[in-house]
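A quick write-up on the structure given underneath.
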Amino acid sequence: MKTFFKKPIVLINICLLLIVVYLGLTIFHIDLKSLFIRPVCKDCNVILISLDTLGANHLPCYGYDRNTAPNLCKFASENILFRNAYSNAGWTLPSHFSIFTSLYPKHHNMETYSDTLSNKIPTLTEILNKNGYQTIWVGSTNDPTLPLNKGLGRGFNKIISNAYRTNIDQWTKGLNDFIENSNKGKKTFLFLHTYWVHDPYLLGNIPNRDKNLFIKDNAYSIPMTTDEFFQFTSGFYKFLIDSLSQDNNESLVNLLSANKKEELIIKLKSAKDLADREAIFTSFLPVTSS
């Protein structure tokens, strides 16, 4: 008698489970066949573009009311747009190591300028390279926030260097190499990086532009021309002291340990003039190599 009643209960449980699975697949529009088939684009070429510091809140395809990126959003409308995508860190270095390792910063441990990626952690480029891909880097080679010599350069066959502000000729060269490889049937990964939407926003270089148009209410004088940007001004000195005094994630602060920050603050405050402060600050900057 006991066995007779157990079987219907088991059957009912199985039926309920199947109903739940079916509803889940239906609600989330999952094609059951797609769970059992191979990738439809195995060995495809890959282009990864990093528009450093570009935020979704300033793109019309994410709801922004100004048409800031018509071509980019047109591309998004014709392809796959991820509505929920989040940076794993607030600045360039750890974010890009997360992109290239698929790990959170606390796991890849690349959170300061002095860190080096463990050889035990493979990068995306190394994996692609081992699977027959030609890999091309187009970006700066002397930027401490993109340290090729700290692990980010592992697996790249070709490095095409450009300045902090991307030289369009270098991008063209990278794309031409990509097309040439593709025509020869070589699987290729192309990485393109740019800071073009990053500050400094040098409006003063635009003819007839009021350079104080957006900065008249700011606490410090923000550089708005190339000459101003490369000057160690009193405004920058105030900004520097404030940044060093706070425990935040600014890349300017991350390059120094707590003891070094305290030492730098003391030396800056005791300096006799701006020129002396600039020399002191420069001496504390990290030395990088390409």
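For segment 66-205, lysine pairs separated by 8 or more sequence positions, or belonging to different chains, with Cα-Cα distances below 23 Å total 18.
The order of the peptides 178-190, 136-148 by mean Cβ neighbours within 10 Å, most packed first, is 136-148, 178-190. Express in Å², to the nearest 10, the accessible area of Asp169 obtained by rolling a 1.4 Å probe over the protein heavy atoms while all chains stay in place. So the heavy atoms of Asp169 present about 100 Å² to solvent.
Taking 0.36 nm per residue of separation and subtracting the current Cα-Cα distance, fully stretching the chain between Asn119 and Asn183 would add 19.7 nm.
Computed on the Cα trace of segment 61-173, the radius of gyration divided by the Kirkwood hydrodynamic radius gives Rg/Rh = 1.00.
With 0.36 nm allotted per residue and the present C-alpha distance subtracted, the Asn157-Leu54 stretch has 34.3 nm of extension available. In terms of overall dimensions, the C-alpha atoms belonging to segment 114-165 reach 32, 25, 11 Å along their principal axes, ordered largest to smallest. Surface composition of segment 45-201: carbon plus sulfur atoms contribute 53% of the solvent-accessible area (1.4 Å probe, protein chains only, all chains present). Proximity of backbone amide H atoms, modeled 1.01 Å from N, is registered between Thr135 and Asn157, Lys158, Phe189 at under 5 Å, excluding neighbours fewer than 5 places apart on the same chain. Working from label points 7 Å from Cα in the Cα-to-Cβ sense, the Phe284 to Lys42 distance is 5.5 nm. For His58, tell me the accessible area in Å² from a 1.4 Å probe, rounded to the nearest 10. Probe radius 1.4 Å; accessible area of His58 about 90 Å².
The values are calculated or read from the model by the stated rules, or taken from the named source; none is laboratory data. Keep in mind it's a predicted model, so treat the numbers as computed, not measured. Every residue, glycine as well, gets a Cβ built from its backbone with ideal geometry; the counts of neighbours run over all protein chains shown. Accessible surface is based on the protein model in full, side chains and every heavy atom, while ligands, DNA and RNA are left aside. Shrake-Rupley method; radii C 1.70, N 1.55, O 1.52, S 1.80 Å.
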